[in-house]
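The values are calculated or read from the model by the stated rules, or taken from the named source; none is laboratory data. Only a predicted model underlies this, so the values are computations on that prediction, with no experimental measurement involved. Don't worry about glycine lacking a Cβ; one is built from the backbone with ideal geometry, like all the others, and counts go over all protein chains shown.
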Amino acid sequence: MSLINTPPKTAGFVPRDRNWQPDALTPAYKTSIKRSPQSALLSFPTTLSEETSPVFGHGLLGALDNDLILNYAKSGESAIGPRIIVHGRVLDEMGRGVPGALVEFWQANAGGRYRHKKESYLAPLDPNFGGCGRTITGEDGSYEFRTIQPGPYPWPNGMNDWRPAHIHFSIFGHGFAQRLITQMYFEGDPHIPLCPIIGILKSQEAIDALIAPLDMHRTVPMDSRAFKFDIVLRGQRQTYFENRKEGM
Amino acid sequence: MVQKLDYLRESPSQTAGPYVHIGCMPNFTGIDIYGGDLGTSMKTGPVQGAEIAITGIVYDGTGTPLRDAMVEIWQPDAAGLFPSANETRGHPDPNFVGWGRSPGDMTTGEFRFETVKPGAVPWPDGRMQAPHITAWIVARGINIGLHTRIYFEDEEDANAADPILTRIEHQNRIPTLLARKTNGGEYRFDIHLQGPHETIFFDI
C-alpha cells in the first residue's frame with residue numbers, strides 16, 4: 001500500500017475561466033441575490049479529488065432512457081408535442097471527445113409545464129410525458145436523445161418574465177472538476193434576448209454557445225426535426241512536460 | 001497577427017433551476033423511472049473502514065433552508081483510493097462507490113450521506129492532505145455549481161498539516177469546512193451560501 005503516498009499521475013484540469021462563466025450574484029435574476037457567496041472563492045490547482053470521478057457504465061441504461069417521447073408513456077401511446085432529436089458531442093476544451101460521460105436532461109412538456117408537485121403553471125400535464133432522460137456518450141463523445149420540444153413558460157421573477165423553451169443538461173465527465181449543469185435553447189426563440197437567466201451570461205458569444213441550431217441533416221423526414229447541441233467541459237492538461245516529476 | 005489557439009471554451013453554466021430533481025433524481029419527485037435514482041447508495045456491500053453518516057442543510061443568506069438543492073459528494077475509500085477509472089495507485093474497495101447524490105428532505109431540506117471515513121490522499125507535491133470529501137451544490141439561484149470540501153473536526157493533526165487548510169488567510173472561517181462529530185459515526189456539515197457563517201467555496 002506504499003503506492004498511496006506517490007504523487008498523482010493524472011494531469012490537472014485547466015482552470016475555469018471565471019471571466020467567461022457567469023458570476024454568482026446577478027441581481028436581475030432575483031433568486032441569486034441571497035444564494036450567492038460573497039467571499040472570494042478559494043482558488044487552487046486540481047488535485048486527485050477533482051481529477052477523478054465515478055464510472056457510469058452503459059449497462060446502467062435502459063432501452064428507453066434517451067427517448068422522452070416513450071419513456072413515461074403508456075404502452076401504445078406517446079408524448080404530445082413537436083417531435084425532435086437532440087444530438088451533439090461532449091468535448092473538452094482541447095476539442096477531444098469525452099467518451100463515457102453521463103448526460104442527464106430534463107424539461108417542461110410541450111405546454112411549458114413540469115411534472116413536479118411544486119409546479120403551479122396552469123398548462124396541463126401530459127399523462128404520457130415524464131420530462132427526464134439520460135444517456136452516456138459514445139467513444140467519440142457523441143450523444144443523442146428523442147423528445148418533444150418544450151414550451152416556454154412564465155416564472156416569478158419580474159412581473160412578466162417568461163423562460164424561452166429550454167432543456168436542462170447535467171454532465172458528468174472524467175473528473176469531478178468538470179461537473180457542469182447548463183441549459184440548451186432553441187435557435188430563433190424570441191424570448192432568448194428577454195430572459196434574465198440568459199442575461200447573466202457575459203457576452204453574446206456565451207449566449208450563442210447555448211443555442212442549438214436546427215439541423216436539417218439529422219432530421220428524420222415525416223417524423224422528427226433535429227437540433228444540434230455540443231457541450232464543452234474543462235480540458236485536462238497533457239501529462240508530458242508539466243506534470244513530470246523529478247526522477248521519473 | 002499571431003496564430004490562433006484552437007481551444008474551445010467551456011460551455012457556460014446555467015442554474016439547475018427549481019426542478020433539478022426531475023432530471024437527476026426523478027424517482028424522488030414521484031417519476032417512477034430507471035429502476036431507481038443514481039447516487040442514493042454509496043455502498044454495494046460490506047465496506048472497509050469506519051462507516052459514518054454526514055447530514056446537513058444548505059442555507060441561503062437569510063438562514064432559510066434550501067429545499068430545491070442537490071448536493072453531490074465524491075471521496076476516496078478508507079485507504080485513500082478513488083473508485084475511479086483513472087485511479088492508478090492501487091485497487092479501491094470494490095464495494096464502495098465513492099459518489100453520492102442527495103436531493104435533501106422534501107420539507108426540511110436536510111441531506112444525508114451514509115459513507116465511510118475517507119483515507120488521506122496526496123497533494124501534487126506528495127505531501128498528504130487531510131482526509132476530506134469533495135462536495136458540489138446546485139440549486140435554483142446558483143448560477144454555477146459551488147464546490148467545497150468536507151474536512152473532519154476530529155482530524156486535528158492532519159488538518160493542522162493540510163496544504164490547503166494551512167494556506168487559508170481567514171483561519172476563523174475554517175470551521176465552515178469541518179464536519180462536526182455529533183454522535184458515534186454521525187457528523188454534521190451545514191452549508192451556508194452567504195452570511196456571517198458563509199462556507200468557504202473553492203475555485204478548482
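Brief remarks follow.
- Matching residues in region B:1-35 - criterion: being among the aromatic types (Phe, Trp, Tyr), out of contact with any strand residue (DSSP E or B) (no Cβ under 7 Å at 6 or more places or on another chain) and farther than 22 Å from A:Gln238 by Cβ: B:Phe28, B:Tyr34
- If you go through region B:102-138 and keep only what is touching a strand residue (DSSP E or B) at 6+ places or on another chain (Cβ under 7 Å) and of a type in the set (A, V, I, L, M), you end up with B:Val116, B:Ala120, B:Met128, B:Ala130, B:Ile133, B:Ala135, B:Ile137, B:Val138.
- Cβ-Cβ distances below 7 Å connect the following pairs, each with a first residue in region A:216-237 that is closer than 30 Å to A:Glu51 by Cα, a second residue that is surrounded by 15 or more Cβ atoms within 10 Å (Cβ to Cβ) and among the aromatic types (Phe, Trp, Tyr), and a separation of six or more residues or different chains: A:Ile231/A:Phe169; A:Arg234/A:Phe13; A:Gly235/A:Phe13; A:Gln236/A:Phe13.
- For A:Leu102, the stated conditions hold: it is out of contact with any Asp or Glu (no Cβ under 8 Å at 6 or more places or on another chain), of a type in the set (A, V, I, L, M) and buried (at least 20 other Cβ atoms within 10 Å of the Cβ).
- When region B:114-127 is filtered for residues that are within 12 Å of B:Met42 (Cβ to Cβ) and either within 14 Å of chain A (Cβ to nearest Cβ) or modelled with pLDDT under 95 (or both), the ones remaining, listed by number, are B:Thr115, B:Pro118.
- Residue identified as in contact with a helix residue (DSSP H, G or I) (Cβ under 7 Å, 6 or more places away or on another chain) and at pLDDT 95 or above among B:Ala135, B:Ala130: B:Ala130
- Strands (runs of 3 or more DSSP E) wholly inside region A:92-162 that include at least 3 residues being within 19 Å of the chain's Cα centre (by Cα) and modelled with pLDDT of 95 or more: A:102-106, A:132-136, A:142-148
- Exclusive hit being at the interface with chain A (Cβ under 7 Å from one of its Cβ atoms) and within 18 Å of A:Val55 (Cα to Cα), set B:Gly90, B:Gly23, B:Gly17: B:Gly90
- Checked against the criterion of being of a type outside the set (A, V, I, L, M, F, W, C), out of contact with any helix residue (DSSP H, G or I) (no Cβ under 7 Å at 6 or more places or on another chain) and modelled with pLDDT under 95, the candidates B:Thr55, B:Thr44, B:Thr88 yield just one match: B:Thr88.
- As a summary of the residue check, A:Ala40 satisfies the conditions (1) surrounded by fewer than 22 Cβ atoms within 10 Å (Cβ to Cβ); (2) small (Gly, Ala, Ser); (3) more than 26 Å from B:Gln194 (Cβ to Cβ); (4) more than 8 Å from chain B (Cβ to nearest Cβ) except for the one numbered (3).
- Of all the residues in region B:14-48, those that are hydroxyl-bearing (Ser, Thr, Tyr) and more than 19 Å from the chain's Cα centre (by Cα) number 4.
- Test result for A:Tyr143, among the hydroxyl-bearing types (Ser, Thr, Tyr), surrounded by fewer than 18 Cβ atoms within 10 Å (Cβ to Cβ) and farther than 29 Å from A:Pro45 by Cα: no
- The requirement of being more than 10 Å from every other protein chain (Cβ to nearest Cβ) and assigned to a strand (DSSP E or B) is fulfilled somewhere in region B:155-178, by at least one residue.
- Matching residues, region A:186-229, being under 20 Å from the mean Cα position of the chain (by Cα), closer than 22 Å to A:Asp140 by Cα and surrounded by fewer than 17 Cβ atoms within 10 Å (Cβ to Cβ): A:Pro213, A:Leu214
- Output for region A:198-217, where each listed residue is in contact with a Lys or Arg (Cβ under 8 Å, 6 or more places away or on another chain) and assigned to a strand (DSSP E or B): A:Ala212, A:Leu214
- Cβ-Cβ under 6 Å pairs, at least 6 apart or on other chains, region A:195-211 side more than 9 Å from every other protein chain (Cβ to nearest Cβ), far side assigned to a loop (DSSP other than H, G, I, E, B) and buried (at least 18 other Cβ atoms within 10 Å of the Cβ): A:Cys195/A:Pro164; A:Pro196/A:Tyr29
- Only residues that are closer than 19 Å to B:Phe201 by Cβ and either without any contact (Cβ under 8 Å) to a residue 60 or more places away in the chain or in contact with a strand residue (DSSP E or B) (Cβ under 7 Å, 6 or more places away or on another chain) (or both) were counted across region A:22-50, and they come to 19.
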